[in-house]
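As structure tokens, the structure follows; a few thoughts come after it.
What follows draws every value from the coordinates through simple rules; no lab data is involved. Keep in mind that this is a model prediction, so the values were computed, not measured. Glycine gets a Cβ as well: all are built from the backbone with ideal geometry, and neighbour counts include every protein chain shown.
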Amino acid sequence: MTLVECCKLAQDITRVPITILQTAVERAEFCSQHQFHPIQEYLLPHNIEFFLEGLSSNEIVSVTDLFQLKLLFFRVNSVPVAIGPFCTEFFSLNDCESLLRQLNLKNFSPSDLLAHRGQLSVSSETHQRHIIHCLFHSMEMPVPEKIREINYNTKNINTAFQDVESNISYAELVEQRYGLEASLMKAVEQGNVVKALESWTKLHNSVTFLNHLRLGQTLEGARISASVTRTVIRIGAIHAGIPPVVNDHLSAWGRICQLLFTAFSEKKLTARLSRGDGRSGGLFWRNGGCGGS
């Protein structure tokens with residue numbers, strides 16, 4: 001498998017972004033997409049360029065930023081790759097308030113931070129490192145041995161903290177969600193399965209903050225996501241001319257399947273693939289030795 005194929009497969013399974021940063025344009029787009037507050041200075045294009053210059057081929061660099069977001073950087077041959085951002089734990093609204101107080105950011109609201117974090121997948125760093133090992137094994141390359149950690153939440157960095165609002169407001173996040181709903185409806189109406197699945201994944205991530213997630217409410221988040229996407233898909237099917245009786249029957253089954261799929265843990269999904277369920281996926285994970293956790 002090629003690097004692009006491996007990254008695409010791993011991203012589809014884990015829902016954690018995996019970005020190849022081979023060109024200056026790709027690196028600039030990466031920064032623009034993931035920096036939602038000026039305090040995340042490590043995501044400025046010139047800082048990323050400087051950081052990647054010092055990234056060696058035999059190490060994985062783990063970055064923890066001030067908002068407790070994780071990114072992993074490594075090289076495949078000479079090509080830099082980033083996994084993330086992702087969260088390692090769920091944050092409640094109170095957690096966000098506490099974190100912003102520690103950072104003394106009074107103009108960035110806890111609900112905005114919760115919304116931004118809520119769009120990211122939650123996964124352990126150990127699991128994501130294991131994904132990297134799988135990727136290298138599938139390409140028959142030696143796995144990086146060193147782990148270097150950069151922790152921006154210790155306040156020992158030379159950064160002038162900017163107490164300003166987020167680069168992307170809550171209203172913009174809601175507008176993006178409506179755009180994803182329209183995209184999903186159009187894909188269903190046109191019968192474009194690939195585009196529909198892509199839009200569904202993005203929409204699922206965009207609605208997870210709507211119930212102000214608290215610890216232990218993973219299933220509640222899955223229920224809300226399933227309800228939103230099921231409604232959007234039904235409307236798209238109606239526009240496509242699907243008879244109401246057929247639409248209702250499919251929607252009933254879809255409700256069960258969506259909830260179960262969303263609540264299904266990454267660990268169980270990986271174990272399933274490691275046993276060989278699925279052709280290219282099973283081959284990828286078996287080559288990577290993904291039987292462990």
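The table below gives the values:
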{"item": "Restricting region 9-42 to residues that are under 15 Å from Val81 (Cα atoms) and polar (S, T, N, Q), the residue that is nearest to the chain's Cα centre (by Cα)", "result": "Gln11"}
{"item": "Residue among Leu105, Leu93 that alone is touching a residue at least 60 places away in the same chain (Cβ under 8 Å), of a type in the set (A, V, I, L, M) and surrounded by fewer than 19 Cβ atoms within 10 Å (Cβ to Cβ)", "result": "Leu93"}
{"item": "Filter result (within 30 Å of Met141 (Cβ to Cβ), touching a Ser or Thr at 6+ places or on another chain (Cβ under 8 Å) and not in a helix (DSSP H, G or I)) within region 119-130", "result": "Ser121, Val122, Ser123, Ser124"}
{"item": "Inter-residue pairs, beta-carbon under 9 Å, first surrounded by 16 or more Cβ atoms within 10 Å (Cβ to Cβ) and in region 28-57, second among the acidic types (Asp, Glu) and assigned to a loop (DSSP other than H, G, I, E, B), 6+ apart", "result": "His37/Glu165; Ile39/Asp65; Ile39/Asp163; Gln40/Asp65; Tyr42/Asp65; Leu43/Asp65"}
